[in-house]
1. Quick test for you: out of Ser56, Ser17, Ser40, pick the one residue that is in contact with a Lys or Arg (Cβ under 8 Å, 6 or more places away or on another chain), buried (at least 20 other Cβ atoms within 10 Å of the Cβ) and either over 20 Å from Ser91 (Cβ atoms) or not hydrophobic (A, V, I, L, M, F, W, C) (or both).
2. Take segment 59-92 and flag every residue that is buried (at least 23 other Cβ atoms within 10 Å of the Cβ) and part of a helix (DSSP H, G or I).
3. Would you be able to tell me the number of residues in segment 106-136 that are part of a helix (DSSP H, G or I) and surrounded by fewer than 18 Cβ atoms within 10 Å (Cβ to Cβ)?
4. Within segment 141-158, does at least one residue satisfy the condition of being among the hydroxyl-bearing types (Ser, Thr, Tyr), more than 15 Å from Cys15 (Cβ to Cβ), more than 14 Å from the chain's Cα centre (by Cα) and assigned to a helix (DSSP H, G or I)?
5. Suppose we keep only residues that are without any contact (Cβ under 8 Å) to a residue 40 or more places away in the chain and in a loop (DSSP other than H, G, I, E, B) within segment 16-40. Which one would you say is nearest to the chain's Cα centre (by Cα)?
6. Condition (residue is part of a strand (DSSP E or B) and more than 22 Å from Gly158 (Cα to Cα)) applied to segment 41-52: is it met by at least one residue?
7. Being within 18 Å of Leu11 (Cα to Cα), in contact with a Phe, Trp or Tyr (Cβ under 7 Å, 6 or more places away or on another chain) and free of Cβ contacts under 8 Å to residues at least 60 places away in the same chain is the filter here; which residues of segment 60-107 pass it?
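Bear in mind these aren't lab numbers, they're just calculated from the coordinates by the rules spelled out. On a predicted model such as this, the values are computed, not experimentally measured, just so you know. Quick reminder, even Gly has a Cβ in these numbers, built from the backbone with ideal geometry, and neighbours come from all protein chains shown.
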Amino acid sequence: MASLHVAMVCLGNICRSPMAAAVLASKARSTTGIEIIVSSSGTSGWHVGQGPHPTSKKVWEKAGYVHHHEVSQFKVNDFFVNDYILVMDSSNFENVISIAPSQEEAKKVFYLRSFDPELQEIDPLSSQYHQLEVPDPYNQPEGAYEKVLKMIESAVDGFIDTITPAHGA
C-alpha cells in the first residue's frame, strides 16, 4: 500500500495543528488504497515537548477523535519527509516557505483550508488569502475551538477526497 506523509503546521503546535492532525489521522483510518501518516508542528519553539492546549484536546475528543500529541517545531528536514505541508494561516505559510530548501519543496506547502470544497477557488496568493486561514483560538472560549474544528473537518474531508478520488464513492 502506498503511503503519504502529511504535516499540519500552526504557530505554537498546541491548538490548531494538533487538532487538524487528530482529525486527519482519525479519518485516514477509513481510507483505502493509501496509508496517510500525519504529524504536526509549530513554526515557533515555545511549547516543544508539551502536550496540546487542554481546550483543543477536549474539543477534538468530544467530537470523537483520539490522538496523542507532543509539541514539536517545524524544521527544514520536514520538507524531505512530508509529501504535503498544510498550514493554518498566512504567517505559518510565510514562515514555512521562507525556509524551503528549493522551489520544488515549496510546492508541498498549502493552506489546509484550500482543500475545503467551498474555498477551493480562492487563490492563496490573491487578496482573498485571509479566507483560507484557520483562526487561532488560543485561550478563547470553547466555542472558538469548536468553530475551528468545523473548519478543519471540512478541509480534511476535501483533502482526503483530493488525494483519494475513490474515497468519496
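1. The unique qualifying residue is Ser56.
2. The answer is Val59, Trp60, Asn92.
3. Looking only at that region, the number is 4.
4. The answer is no; no qualifying residue exists.
5. Arg29
6. There is at least one residue in segment 41-52 that is part of a strand (DSSP E or B) and more than 22 Å from Gly158 (Cα to Cα).
7. Ser90, Phe93, Ala100
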